[in-house]
Amino acid sequence: MAEKKQKFEDKIMELENIINELENGNTSLEDSIEKYTKAMKLVKECDEQLKNVEEQVNKIALENGNLEDFKLEDNN
């Protein structure tokens, strides 16, 4: 069965829950390792999503429809 794709926000909430569980110290070593592995997977997925969004945001559509890298002007 295909895994349902989680929203970014849902991944962050799950990651926060895992961190809280690991910080409370009431999990066994085996559970801690499993939770840590899941957390690292979530971090990687979130990082990839952020990089993809950053690439999209850094492109702007010009009037003629071409895409160009977005650069902030230095106002100094």
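The values are calculated or read from the model by the stated rules, or taken from the named source; none is laboratory data. Predicted, not measured: the structure shown is a model, and the values here were computed from it. We place every Cβ from the backbone using ideal geometry, glycine too, and count neighbours over all the protein chains shown. The area values use the complete protein model at the heavy-atom level, side chains included, leaving out ligands, DNA and RNA. Shrake-Rupley method; radii C 1.70, N 1.55, O 1.52, S 1.80 Å.
Working only within the stretch 26-41, note down all residues that are surrounded by 13 or more Cβ atoms within 10 Å (Cβ to Cβ), among the charged types (D, E, K, R) and either over 15 Å from the mean Cα position of the chain (by Cα) or not in a helix (DSSP H, G or I) (or both). Within the stretch 26-41, GLU34, LYS35 meet the criteria.
Please go through the stretch 1-47 and give me each residue that is among the acidic types (Asp, Glu) and touching a residue at least 12 places away in the same chain (Cβ under 8 Å), ordered by number.
Those that are among the acidic types (Asp, Glu) and touching a residue at least 12 places away in the same chain (Cβ under 8 Å): GLU14, GLU21, GLU45.
Take the conditions (1) at pLDDT below 95; (2) open to solvent by 90 Å² or more (accessible area, probe 1.4 Å); LYS44 misses just one of them, which is (1).
Residues in the stretch 3-25 that are at negative phi and not in a helix (DSSP H, G or I) were compared, and the one that is surrounded by the most Cβ atoms within 10 Å (Cβ to Cβ) is GLN6.
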